[in-house]
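As structure tokens, the structure follows; a few thoughts come after it.
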Amino acid sequence: MFLQAFGKYNRIVKNLVDWLNVKRYLRLFALYIAIAVAVVLLYAPWGLALRPTDYSLLRAGLSIIGAIALAGTFGAGTYLALKDPDEHLLAPAEVVDEDEVIPVLRDYVETPYVGGIAADVIEQVQSSDRKRRRLQKYIGQQFSEGSITWDRFAGLVDQAHHTIIRNAALVANNVQTFDREGYAKDLADLRRRDNELQRQQVAVYEQSLAHMREIIAANERMLLELGKLELELSKLNAGSTLESNEGTIDELTRLIEETKYYG
């Protein structure tokens, strides 16, 4: 009971943090503090005391250049902090490397509603890559490269990893095209006037979010099976047999086939 309540509380806090874009606004706040400190150091009487009307042309010029630089930093910093990332839609079937999808997802980690989803998928891709590397090591230690057994295990691990990357690319596209402003507006309208039309409009957005979470859940199941396979292969020297891996291999194969329908 306590664990369920704690898990629910964690989800609420995570969604709230995601919605508020805390990191983005903290960086913006830090920028404004830095600009304020620079203004004090440059123009306060106990600082450099620069002013445009100074008798020294050098100091007067420096005061104007400093003001322009600070104003430009303020404007450019605010724009870059608040603007939405540029869309970079992927072709999931052609994405074969995590470096193609992680930078796209990283741009959306701090955006409302989908930031937590993007962060979860990045973690899954990185976890999959770590598991794949360890499994390749175990497979290389246990089986001769090019043998039927080696091909079966190594091929399945690579296929699972690439499926997770493909799923990540699907989520990356959905994250980019999710209409966050429209969702926020419809949620606000629904709170003001609860009617069937508003509920249907909000439901469309929530179906999109649910679809992304469904893909994440499929990735989690594959990561779990990769973890089981890793454990079983690591114990082969302790007397395990190849037959003990059949259930894991079958389940992993089924999960890979299942995710073909997410595209």
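Take the residues in the range 121-169 that are β-branched (Val, Ile, Thr) and farther than 13 Å from residue 252 by Cα; name whichever of them is surrounded by the most Cβ atoms within 10 Å (Cβ to Cβ).
Of the residues in the range 121-169, the ones β-branched (Val, Ile, Thr) are 121-122, 125, 139, 148-149, 157, 163-165.
This time we only want the ones that are farther than 13 Å from residue 252 by Cα, so: 121-122, 125, 139, 148-149, 165.
Numbers: 121: 28, 122: 22, 125: 23, 139: 20, 148: 9, 149: 12, 165: 25.
So the residue we want is 121.
Within the range 89-116, track down each residue that is under 27 Å from residue 159 (Cβ atoms) and in a helix (DSSP H, G or I).
The answer is 92, 93, 94, 98, 99, 100, 101, 102, 103, 104, 105, 106.
Note down all Cβ pairs under 9 Å where the first residue falls in the range 243-263 and is assigned to a helix (DSSP H, G or I), the second is basic (Lys, Arg) and modelled with pLDDT under 75, and they're at least six residues apart or on different chains.
244/235
Considering the range 43-73 alone, what residues qualify as being not in a helix (DSSP H, G or I) and not aliphatic (A, V, I, L, M)? I'd like the intermediate steps shown before the answer.
Residues of the range 43-73 that are not in a helix (DSSP H, G or I), as a first pass: 44-56.
Scanning the range 43-73 gives 45, 46, 47, 51, 52, 53, 54, 55, 56.
Restricting to the range 32-76, give me the number of residues that are within 30 Å of residue 112 (Cβ to Cβ) and in contact with a Phe, Trp or Tyr (Cβ under 8 Å, 6 or more places away or on another chain).
So the count comes out to 3.
Inspect the range 117-136 for any residue being in a loop (DSSP other than H, G, I, E, B) and in the same structural domain as residue 250 (by TED's automatic domain parsing) and give the result as yes or no. If you could, list the steps in order and put the result at the bottom.
Of the range 117-136, the ones in a loop (DSSP other than H, G, I, E, B) are none.
No: zero hits.
If a residue has to be modelled with pLDDT of 60 or more and under 21 Å from the mean Cα position of the chain (by Cα) to count, how many in the range 5-61 make the cut?
First, pick out the residues of the range 5-61 that are modelled with pLDDT of 60 or more: 23-61.
Remaining after also requiring under 21 Å from the mean Cα position of the chain (by Cα): 23-28.
The number of residues fulfilling the criteria is 6.
Which ones in the range 202-236 are closer than 18 Å to residue 162 by Cα, of a type outside the set (Gly, Ala, Ser) and modelled with pLDDT of 90 or more?
Residues satisfying the conditions are 212, 214, 215, 216, 219, 220, 221, 222, 223, 224, 225, 226.
Do you know which residues across the range 185-205 are surrounded by 15 or more Cβ atoms within 10 Å (Cβ to Cβ) and within 28 Å of the chain's Cα centre (by Cα)? Walk me through it before giving the result.
We begin by selecting, within the range 185-205, every residue surrounded by 15 or more Cβ atoms within 10 Å (Cβ to Cβ); these are 186-187, 189-190, 198, 201-202, 205.
Within the range 185-205, 186, 187, 201, 202, 205 meet the criteria.
Being over 17 Å from the mean Cα position of the chain (by Cα) and modelled with pLDDT under 85 is the filter here, so list the residues in the range 62-90 that pass it. Can you show your working first?
Step one: filter the range 62-90 for residues over 17 Å from the mean Cα position of the chain (by Cα), giving 62-83.
Answer for the range 62-90, where residues must be over 17 Å from the mean Cα position of the chain (by Cα) and modelled with pLDDT under 85: 74, 75, 76, 77, 78, 79, 80, 81, 82, 83.
Residue by residue through the range 142-157, note down the ones that are out of contact with any Phe, Trp or Tyr (no Cβ under 7 Å at 6 or more places or on another chain) and without any contact (Cβ under 8 Å) to a residue 60 or more places away in the chain.
The answer is 145, 146, 147, 148, 151, 154, 155.
Does residue 157 satisfy the condition of being β-branched (Val, Ile, Thr), assigned to a helix (DSSP H, G or I) and over 13 Å from residue 208 (Cα atoms)? Steps first, please.
On the way: β-branched (Val, Ile, Thr): yes; assigned to a helix (DSSP H, G or I): yes; over 13 Å from residue 208 (Cα atoms): yes.
So residue 157 fits the description; yes.
The values are calculated or read from the model by the stated rules, or taken from the named source; none is laboratory data. Just so you know, these numbers come straight off a predicted model, no measurement behind them. Positions of Cβ are backbone-derived with ideal geometry, glycine not excepted, and every protein chain shown enters the neighbour counts.
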